[in-house]
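Novice: Provided herewith is a single structure, encoded as structure tokens, for subsequent inquiry.
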Amino acid sequence: MKMPQTKLLLVVAILVISQLLFSPSTAAAAREDEDGKPLVIRVLKDNATSLYTIPIKDDKHPLVLDLSSPLIWSTCHDSHPTFKPHEHECKQAKSYTHPSCSSKPKHAGDSLTAAGLDKRKKKKSPKCVTHPYNPITGKCGDGDLTRTNLSASATNGVFDLYPVSFPAVTSCAPDALLASLPAGAAGVAGLSDSKLSLQAQIASTQKVDKKFALCLSSGSEGGVAIFGGGPLIIPGPGRKPDRIPEATVVPLHSRRDSSGGYYYIKAKGITINTKRVPIDDDDDLIVELSLRTPYTSLRSDVYHALKQAFDNATSEYAPWVKHVPPVAPFELCYNSSQIPYSRYGQAQLPPIELRLERDQTWTIWAPSSIVSIGDEPVACFAFVEMKEEQVGETHGPAPAIVMGGYQLEQQVLLFDTEEGRFGTSGLMLPSCGNFMWHNGRQDFI
């Protein structure tokens, strides 16, 4: 069985995605005053929580990126501007109250009160009171709706150009609501398809498209997020490119409700080296895209079928690779010293292919399908079985697969919420941390 080789690139220019997703949308083309530039900001991964943050607040306290949250919320100073209950921003924010949030908590501690909100006068307060939701703990809080200054950098897609500060409608939150978020984080930046999400407010203030791209990295140099268009150019390690990766572009679906909903794509099936994974389900597989989950989780039947198929394919391709005792939370682990590697240090094992709509394929290569464990020569199948409560927690189509952060790293992911399209470059050899910062003072090598 011949394994495809990942080729070394000087610059990865995601041309196909740029044409389809970063070209002006129908709505943007109709605007006469297109003066804004896309904004770019660094994305850092917190190793303790596996969550991704951006330093977008003016005080540089990071916010956690979440694809399912509809609002931006953070802790506030006592002196902050407020909205009146009758203002349309207040009505919008209240429409995104998570179903589990209530002004009358069922249990002590389930609802928390933010600074600046007087509990004794809450019912008579002329201020707009919102209910921010922590997507990690499931806790709710009470806080004023306010306006906060955020900051990022304008970009031409190659490097950052100059700093940009802009106002955003956000919700105040109590310090206690920060539980389980990365140390130092001040709140959450919601990226769901809502009118008060981060990308929607950037589109409004900067006069750019309501689309964004993520290039996530677990390295200390971080990744990058770009809002409002592109292209996004990631320099490589220093050789003339052999090829330009072909983009996978498919319909982007979203489940919308008061909780914000989630983004998903549809898979027709899964193959490993073109061999179909046997799944007793003729319906499309709902694939949720998530930044909350460290590793991709799969519905029980899908997980066990995929794990067995991957193990069989690995045994066929590299029969000398031996199993080792599993390391939680994983159930299938190998002796990593026996796994074949490319000359660029990437593991060479059978690829997993998600067969998507429009005859598109999203390939998960070995660097994303296995993960090294500690200092021991152990590499594990980097997927986990979905917990039962995850399967039934939505009111819309229940996901069969929740794509986690580990499988989303080292590729450009594009979310076009105006045109309803999702794109991925597939796994890249250049690191997402190679984006050139410092106002363009770095030159191409």
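Novice: In segment 317-340, how many residues are small (Gly, Ala, Ser) and without any contact (Cβ under 8 Å) to a residue 40 or more places away in the chain?
Specialist: Qualifying residue count for the region: 2.
Novice: Give segment 341-357 a look and list any residue that's over 23 Å from Gly404 (Cα atoms) and touching a residue at least 24 places away in the same chain (Cβ under 8 Å), or say none.
Specialist: Ser342, Tyr344
Novice: Filter segment 152-179 for residues that are touching a Pro at 6+ places or on another chain (Cβ under 6 Å) and of a type in the set (S, T, N, Q); which is farthest from Trp73 (Cα to Cα)? First the steps, then the outcome.
Specialist: Restricting attention to segment 152-179, the residues satisfying the condition of being touching a Pro at 6+ places or on another chain (Cβ under 6 Å) are 153, 155, 157, 171, 173.
Checking the rest, the ones that are also of a type in the set (S, T, N, Q) come to 153, 155, 171.
Values: Ser153: 21, Thr155: 25, Ser171: 4 Å.
That would be Thr155.
Novice: Does Thr170 qualify as being of a type in the set (Ser, Thr, Tyr) and either outside the structural domain of Arg42 (by TED's automatic domain parsing) or under 17 Å from Leu63 (Cα atoms) (or both)?
Specialist: Spelling it out, Thr170 is indeed of a type in the set (Ser, Thr, Tyr) and either outside the structural domain of Arg42 (by TED's automatic domain parsing) or under 17 Å from Leu63 (Cα atoms) (or both).
Novice: Look at Tyr295 and say whether it is surrounded by 19 or more Cβ atoms within 10 Å (Cβ to Cβ), in contact with an Asp or Glu (Cβ under 6 Å, 6 or more places away or on another chain) and modelled with pLDDT of 95 or more. Steps first, answer last, please.
Specialist: Numbers: surrounded by 19 or more Cβ atoms within 10 Å (Cβ to Cβ): yes; in contact with an Asp or Glu (Cβ under 6 Å, 6 or more places away or on another chain): no; modelled with pLDDT of 95 or more: yes.
No.
Novice: Can you find a residue that is at positive phi and not β-branched (Val, Ile, Thr) anywhere in segment 344-356?
Specialist: yes
The values are calculated or read from the model by the stated rules, or taken from the named source; none is laboratory data. Not measured: the values here are computed from a predicted model. Note that we place each Cβ from the backbone using ideal geometry, even for glycine, and neighbour counts take in every protein chain shown.
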